[in-house]
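Participant: Here it is, the structure, as structure tokens.
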Amino acid sequence: MSKLECFADEQILDTNEILDLAHSERIALKVADGRLLMRGEPSARLRAHLRSASAALRDELAVRERSVWIEV
């Protein structure tokens, strides 16, 4: 079983919890051109949460940056 599969059964963290986890792992996240971008090497656990909640994280970061992107 891969590391990502191990975390598949774990309950998805909410956006604030994922952002806290990223911060604790020193992973930088930002939104650019409507895409969620990452700098750093996340743990398998964080990577699984980022994949499952990327749209919500993108929206949350866009709101925090006060530059909301609207899909056309």
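Participant: For residue 43 paired with residue 17, estimate the spin-label separation in nm (one decimal), with each label point 7 Å from Cα along the Cα-to-Cβ line.
Facilitator: 1.4 nm
Participant: So, by mean Cβ neighbours within 10 angstrom, what's the order for 16-23, 45-52 with the highest one leading? Please report the intermediate quantities before stating the final value.
Facilitator: Values: 16-23: 14.9, 45-52: 17.5.
Taking the mean over residues of other Cβ atoms within 10 Å, the ranking is 45-52, 16-23.
Where a number appears in this text, it was derived from the coordinates with a stated rule and is not lab data. Keep in mind the model is a prediction, meaning the values are calculated, not measured. Heads up, the Cβs are rebuilt from the backbone with ideal geometry, glycines too, and the neighbour counts pull from every protein chain shown.
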